[in-house]
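Reading through the structure tokens given below for one structure.
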Amino acid sequence: MRYISTRGQTGPLGFSDAVATGLAPDGGLFLPETLPDFSGDLPRFERLGYAALCHEFMRVFATDLPAETLRELVNRSYAGFAHPDIAPLRRLDERTHVLELFHGPTLAFKDFALQLLGNLYEHQCRVRGGSINVLGATSGDTGAAAIHGLLGKPGTAIFILYPDGRVSPLQERQMACTGAANVHALAVDGTFDDAQAALKEIFGDQEFRLRHRLSAVNSINLARVLAQCVYYLYAWLRLPAAERSEAEFVVPTGNFGNVLAGWLLQQMGVPIRGFKVATNQNDILYRMFTTGEYRVGNVAPSLAPSMDIQVASNFERFIYFQVGRDPAQVRAIMRTFKDTGAWKFDDFDRGVFSASRCTDAEIPGIIQRVHRQYGYVADPHTACAFKELSSDRVSVVLATASPAKFPDTIRAAIGVEPTHPSLEALKARPVVKHRLAANASAIRAYRCACGLHRILRRVFCRLSAKTPGQ
Ligand SMILES: *Cc1c(COP(=O)(O)O)cnc(C)c1O
């Protein structure tokens, strides 16, 4: 299997190269050259446990890895999950199921992709020699999941920038209390956008990027999208046969990575009825699917912070299919969007998608109602998906984070504070973070013992350049 870019000016590349490259050099995102058809495999898949199913699925895509190597990497990726089903499907009532995606090491769905990506990176270092430095910016869950995907892995180092004081204390502890020497949690004196902008500039410098073997961790990596297809398949196989073709997956959505994976799986011959894109008050995708216009707005911080985005980076993959797989049209759309902040589709076909939007004012009430109705505690992201379930179909709500990650919001809503042993254990460990004041003297004073100070200095310089005169 080979991978092409949505913008048509890179590749095709093999799986390992596409994964190592991340963002295609032409600015596009990688997609399989042709989508396989799994419809004939579904009866055979029914008997498989999660890791075995993941292996069967991924081996169709990772054709440049020996089957046994892939099996070992996949097994290792899901061995640390705390639930025997990995992704348990729980029935709440006759028409409603919840797919729990928070039993991985950082208690959010991003572990599904980033555990596997971490193992793929480690494997590449081993067979190709050398090392890899992974850089990323996070507003919370991605950073923690990426760090836990690479924790202590030989040949790798990971640098995660996050806005100081703007991620939850537990999220910060998940990044800064690991005790691993290859993990660098960098608390930026600025916003998530400042951190993101600094990284973007660094990655734009090809020479620096190659010299330091930098790799980006973000939601556009091909391996992340493919790994996420698997839990949709697993859940679909666990539904009673009579409910399968009735099922709509309801997906708390930010960057469109999670729900895109489900939709791609449907394009590969799995008869899923539809998908609901559930946004919080940052509703670019809700507006997209209700009006056909993709228009950027301002990010308003919310109670569901991992969905606080306005540009949904994975949406470009959907656009590619929407315009009949024509890379020239993708390029034109993305250029117009970049220049003007908007794009209106003339004849937008929303197909199997519906959408809902949930404000901060609504989230506590929904958590309360779900608790009363089903005795189930939903985290604030999952609560957005519970806003309005269709009465004429079976809903599978994706629970993207453990409620224990958001104790304050849950306590305010239902009066009890959820806890989780792994989070309690973190509270006993020291926080090791590097504070990056975005000014020049702080940068000069900074001494990094990790041996990768040149990368850090570069990050600092970019940050300080944003606030001249301080
Ligand atoms: C990242 C995240 C989301 C949004 O997922 P996308 O793939 O960006 O749409 C939703 N909920 C939680 C808990 C997350 O961490």
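Coordinate-derived values only; no laboratory data. For clarity, every value in this text was computed on a predicted model and none was experimentally measured. Counting neighbours? That spans all protein chains shown, and the Cβs are built from the backbone with ideal geometry, glycine included.
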Per DSSP, loop trypsin sites (Lys or Arg not before Pro) in the range 1-47 with at most 15 further Cβ within 10 Å
47
With the label point 7 Å along the Cα-to-beta-carbon line of residue 42 and a cut-off under 14 Å to each amide N, the hits in the range 251-267 are 265-267
Fewest-first sequence of 1, 58 by Cβ atoms within 10 Å of each Cβ
1, 58
Residue 82 paired with residue 310, simple spin-label distance in nm, labels 7 Å along Cα-to-beta-carbon:
3.6
Non-local amide H neighbours of residue 278 (under 5 Å, H modeled in plane, Pro and chain starts lacking H): which ones?
251, 253, 356
Cα→Cβ-extended label distance, 7 Å offset, between residue 388 and residue 35, nm:
2.7
Taking 0.36 nm per intervening residue step and subtracting the Cα-Cα distance, what contour gain separates residue 64 from residue 209 on full extension?
49.7 nm
Can you tell me what the convex hull of the Cα atoms of the range 191-327 projects to on average, as an area in nm²?
10.4
List the relative contact order of the chain as a percent without decimals, with contacts defined as Cα pairs under 8 Å and 6+ residues apart.
17
Hey, can you grab everything whose amide H is under 5 Å from the amide H of residue 273? Only 5+ residues off in sequence or another chain; H modelled, so Pro and N-termini drop out.
247
Using the beta-carbon distance between residue 296 and residue 412 and R0 = 30 Å, what value does 1/(1 + (r/R0)^6) give for FRET efficiency, to the nearest 0.05?
0.45
Within 10 Å, Cβ to Cβ, of residue 144, how many net charges do the neighbouring residues add up to if Lys/Arg are +1 and Asp/Glu are -1?
0
Ranked 127, 352, criterion: other C-beta atoms within 10 Å, fewest first:
127, 352
Count the DSSP beta bridges whose two residues both fall in the chain, then state the antiparallel fraction as a percent rounded to the nearest 5.
25
In what sequence do 333, 272 fall when counting other Cβ within 10 Å, fewest first?
333, 272
So the pair-distance distribution of the chain, from every Cα-Cα distance in 10 Å bins, comes to percents of 4, 20, 32, 29, 13, 2, 0
